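*Asks:* Sending over a structure as structure tokens; questions will come in a sec.
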Amino acid sequence: PARPHVNYDAAGQPYFQAPTEIRQITSDPKHEHADVAVQLENQNGGFIKDFAQAYPASTAEDRQQIMDYFPAGFLPGLHSLAQDFTVCDRWYSSVPGPTWPNRFFALSGTSLGRILMPVGITDPGAYFQQTQETLFDRLNQAGKTWRNYFYDFPSSWLLLRNLLPDKLVNYRPMDEFFEDVRDEGSFPDFVFLEPKYFGGDENDDHPPHNVMKGEKVIADVYNALRSNPELWNSSLLVIFFDEHGGFYDHVTPPGAVAPDDHQTEYTFDQLGVRVPALLVSPWVSRTVEHTQFDHTSVLKYLVDKWGLGPLGRRAAAATSIATAIREPQARTDTIPFIRVSYTMLMPPHPEWETRDDSLHHDSLQVFAQHLENQIGDVGAPIADAAQRM
């Protein structure tokens, strides 16, 4: 706070980093690869420039939101956990681009050369390119149990192998997660949790949704794990954002190893912008971890831990998050419960909650509708998800 960084608009007006308690912002900052390239210009001096180009009618107040940060203690979930566990302050997104390719890297170690988001129904081929083997294939091959718990639609279905019968059987509605945590003995070896993307009660932290709903999800998951001592003492909860969302960061992403020879749209030789990332477990310290990670650091950890098959060159070269698991015995001094008050969940602008104007939401909706039309081929879980849309 004593040394805020700055960006300038075309008129030379400065915008400094500053605290904010705004829970809903007016516009969705752009974060396609072309936008990130602009944002990283002049030592990360192009964030305001890119936003102003995307929203030429934006006000100075709108543009300031790109530089803002939440003051310590404002976020009941993330800030409570950050104070009690391990903050990874060198965790970069895997590619300098948008949501989908970063999620593909997180679950498979590659995006098969894709760095662009599809543009709705005008780009149908973009939905059917991700045919690579994934973490879930490797878990099946190793005989490890896993579940993907979701609220309304699992975006991991964009990885097409997850639509095969041996994967579909492991998809469950989020309600079942809160039932399953009661029994450590039958709880899966690996769990992937997805937020709610659609409707009026989205909790995916995507503008213009109320950020406190995302905080409620984080708190609920933590409280559920923490309430079962046996499960808590054998768990590692990893929380990270898939990309930076177009918001300012002052650290220029370092170089990276390309995951494979698929380089149609990009060379994949640079990491993306840093993202919030926490490691939460009684086996991690109350500290800040300065080791460089990206999303494939989780894959590296699991491959090493369970002897899984490889998931590309990027994951093989990544530093495992195992380096941050240092406690000699399970800690007993961790926060017992996180409370998110009901008043925080009431959005200042409820009419914004159903306004989804991003390529991510549009494209996910189109893909979900396609799957609904293919129910007979891929099974009942898709029908259940489609009914919740």
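The values are calculated or read from the model by the stated rules, or taken from the named source; none is laboratory data. No experiment lies behind these values; they were computed from the predicted model shown. Note: ideal-geometry Cβ built from the backbone for every residue, glycine included; neighbour counts use all protein chains shown. All accessible areas refer to the heavy atoms of the entire protein, side chains included, with ligands and DNA or RNA removed. Shrake-Rupley method; radii C 1.70, N 1.55, O 1.52, S 1.80 Å.
*Asks:* Which whole-number percent gives the relative contact order of segment 43-129, counting Cα pairs below 8 Å spaced six or more residues apart? Show your work: numbers first, answer last.
*Replies:* Values: 40 pairs, mean separation 12.1, N = 87.
14 percent.
*Asks:* Return the single residue from Lys213, Lys30, Lys305 with maximal mean-square fluctuation; model: Gaussian network over the chain, springs between Cα atoms under 10 Å.
*Replies:* Sorting by GNM fluctuation, first place goes to Lys305.
*Asks:* Where does segment 194-243 land on Rg/Rh, using Cα atoms and the Kirkwood Rh?
*Replies:* Expressed as Rg/Rh, it is 1.05.
*Asks:* Pairs of Cα atoms under 8 Å, at least six residues apart: use those to get the relative contact order of the chain, whole percent.
*Replies:* RCO, the chain: 25 percent.
*Asks:* Rounded to a whole number of µm²/s, how large is the Stokes-Einstein D of segment 30-180 at 10 °C and 1.306 mPa s, given Rh as the Kirkwood radius over C-alpha pairs?
*Replies:* Translational D for this selection: 85 µm²/s.
*Asks:* Report, in deg cm²/dmol and to the nearest 500, the calculated mean residue ellipticity at 222 nm for the chain, where each DSSP H run with n ≥ 4 adds -39500 (n - 2.57) and the sum is divided by the residue count.
*Replies:* That calculation yields -8500 deg cm²/dmol at 222 nm.
*Asks:* Across the chain, how many lysine pairs, 8 or more positions apart or on different chains, have C-alpha atoms separated by under 21 Å? Please give the number. Working shown, then result.
*Replies:* Details: Lys30/Lys49; Lys30/Lys196; Lys144/Lys167; Lys144/Lys300; Lys144/Lys305; Lys167/Lys196; Lys196/Lys213; Lys196/Lys216.
Final tally of qualifying lysine pairs is 8.
*Asks:* Further question: Would you mind telling me the share, in percent, of accessible area of segment 243-329 contributed by carbon and sulfur at probe 1.4 angstrom?
*Replies:* 52 percent
*Asks:* Averaged per residue, what accessible surface does segment 2-124 expose to a 1.4 Å probe, in Å²?
*Replies:* Roughly 40 Å² per residue, with all protein chains present.
*Asks:* So, for segment 204-281, what is the accessible surface per residue at a probe of 1.4 Å, expressed in square angstrom? Write out the running numbers ahead of the final one.
*Replies:* Working: 2720 Å² over 78 residues.
On a per-residue basis, 35 Å².
*Asks:* With just the Cα atoms defining each centre, how far is segment 257-280 from segment 146-213? Give it in Å.
*Replies:* Result: 23 Å between the Cα centres.
*Asks:* What number, in nm² with one decimal, is the all-direction average of the projected area of the convex hull of the alpha-carbon atoms of segment 116-231?
*Replies:* 8.7 nm²
*Asks:* Decide, for segment 240-292, between rounded, prolate and oblate: order the square roots of the alpha carbon gyration tensor eigenvalues as a ≥ b ≥ c, take rounded if a/c falls under 1.5, and otherwise choose prolate if a/b is larger than b/c, else oblate.
*Replies:* prolate
*Asks:* State the antiparallel share, in %, of DSSP beta bridges confined to the chain, rounding to the nearest 5.
*Replies:* Counting DSSP beta bridges with both partners in the chain, the antiparallel share is about 45 percent.
*Asks:* Which residues make up the longest stretch of the chain clear of GluC sites (Glu not before Pro) that lie in a DSSP loop with no more than 16 other Cβ atoms within 10 Å, not counting the sites?
*Replies:* 22-183
*Asks:* At a temperature of 10 °C and a viscosity of 1.306 mPa s, determine how fast the chain diffuses translationally according to Stokes-Einstein, using the Kirkwood radius over alpha-carbon pairs as Rh; express D in µm²/s, rounded to the nearest whole number.
*Replies:* Answer, rounded: 73 µm²/s.
*Asks:* With the full set of protein chains in place, find how many percent of the accessible area of segment 1-117 is carbon and sulfur; take the probe as 1.4 Å. All intermediate terms of the calculation are to be shown ahead of the outcome.
*Replies:* On the way: 2580 of 4650 Å².
With neighbouring chains kept in place, the figure for segment 1-117 is 55 percent.
*Asks:* When the convex hull of the C-alpha atoms of segment 232-349 is computed, what volume per residue in Å³ does it have?
*Replies:* Looking at segment 232-349, the number lands at 168 Å³ per residue.
*Asks:* If we restrict to alpha carbons, what Rg and Dmax does segment 93-167 come to, in Å?
*Replies:* 12.8, 40
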